[in-house]
Amino acid sequence: MPEPFPDNPLGRPFVELDSIDSTNNYALARIHAGMASHGEAFFAWEQYAGKGQRGRVWQSEKGNNLIISIIIDPKPLAVQQQFQLSACLSVSVATWFTRLAGDATRIKWPNDLYWHDRKAGGILIESIIANSNQGAQWKWAVAGIGININQVEFNSELKNPVSLRQITGKSFAANELAHELCTEFEKNWQFIKNGGFPQMLTQYNELLFRKQQEVKLRQGSRSFTATLLRVDEHGKLWVWEGVEREYSFGEIEFLL
């Protein structure tokens, strides 16, 4: 008999932690200890060693931001469909943030949250993949989300950060917003599991930061200008450089 898909909603149970090194580390430790269940969410009021993309550190002022990691059983998605989860998360975060901050909200490829040209948040997905005679199997995913909510002063090393408070002039309860975000993610996750990825990909591309605009990019020591065209179903970014070219995440970076 095949295993049934887990039906407890994303964001339940919702656990609030006062202080932690990294919510992703906390969630991964539960998985490795055999204690994890699909949907568990861990919200932190303080994270002192948060992780960002490419090994960067995610810095956050205590009590002022949305910091959460959600444990996901990715079935029915296969290993080669990992971008479907990334797109689902990105669209969920951007749609939710748009309701609060307005239509200037965008997804910077692959899954950063931008408002105009300023970074409001990011997503880091860490996966547990097991190899067997049947091939690679995607066992678990941990979705770490960090969003600037009430913080107004940032480290000078950060490039163009922005918070929801700076955008709206209002203060928010970050834990309440995290509950709302989980609800949005759950709705879109069910949509993906029921074959809705093509529509989700269309939504992702409609929200794509700098789409149909020229941007400066870097690949190794080469800097160049290209027009962003689209992101495909595998998560590859297509650009125009006199000809169409595709890039996977990690091959290039934006020079903003």
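If you go through region 196-229 and pick out every residue that is within 15 Å of Phe254 (Cα to Cα), touching a strand residue (DSSP E or B) at 6+ places or on another chain (Cβ under 7 Å) and not in a loop (DSSP other than H, G, I, E, B), you end up with 14. Collect the residues in region 160-179 that are among the β-branched types (Val, Ile, Thr) and touching a strand residue (DSSP E or B) at 6+ places or on another chain (Cβ under 9 Å), keeping them in residue-number order. Val162, Ile167 - these are the residues of region 160-179 that are among the β-branched types (Val, Ile, Thr) and touching a strand residue (DSSP E or B) at 6+ places or on another chain (Cβ under 9 Å). Selection of region 88-111 for residues being without any contact (Cβ under 8 Å) to a residue 24 or more places away in the chain and either within 26 Å of His38 (Cα to Cα) or not small (Gly, Ala, Ser) (or both) yields Thr98, Arg99, Asp103.
Phe5 passes every criterion in (1) closer than 29 Å to Gly250 by Cβ; (2) at pLDDT below 95; (3) not small (Gly, Ala, Ser) apart from (1).
Among the criteria (1) exposed (fewer than 15 other Cβ atoms within 10 Å of the Cβ); (2) closer than 27 Å to Glu251 by Cα; (3) modelled with pLDDT of 95 or more, the one Trp138 does not fulfil is (1). Within region 240-256, residues that are polar (S, T, N, Q) have Cβ atoms under 9 Å from residues that are in a loop (DSSP other than H, G, I, E, B) and surrounded by 13 or more Cβ atoms within 10 Å (Cβ to Cβ) in these pairs: Ser248/Gly235; Ser248/Lys236, counting only partners at least 6 apart in sequence or on another chain.
Looking only at region 57-73, which residues are in a strand (DSSP E or B) and closer than 18 Å to Ile128 by Cα? If the condition is that a residue be in a strand (DSSP E or B) and closer than 18 Å to Ile128 by Cα, then Ser69, Ile70, Ile71, Ile72 are the ones that fit. Does at least one position in region 74-96 carry a residue that is in a strand (DSSP E or B) and either modelled with pLDDT under 95 or under 17 Å from the mean Cα position of the chain (by Cα) (or both)? No. Among the residues examined, Val162 does not qualify as aliphatic (A, V, I, L, M) and without any contact (Cβ under 8 Å) to a residue 24 or more places away in the chain. Scanning region 206-240 for residues that are loosely packed, with under 13 Cβ neighbours inside 10 Å and closer than 24 Å to Asp103 by Cβ yields Glu206, Gln212, Gln213, Glu214.
The values are calculated or read from the model by the stated rules, or taken from the named source; none is laboratory data. Model, not experiment: these values are computed from the prediction. Neighbour counts are summed over all protein chains in view; Cβ atoms, including those assigned to glycine, are modelled from backbone coordinates with ideal geometry.
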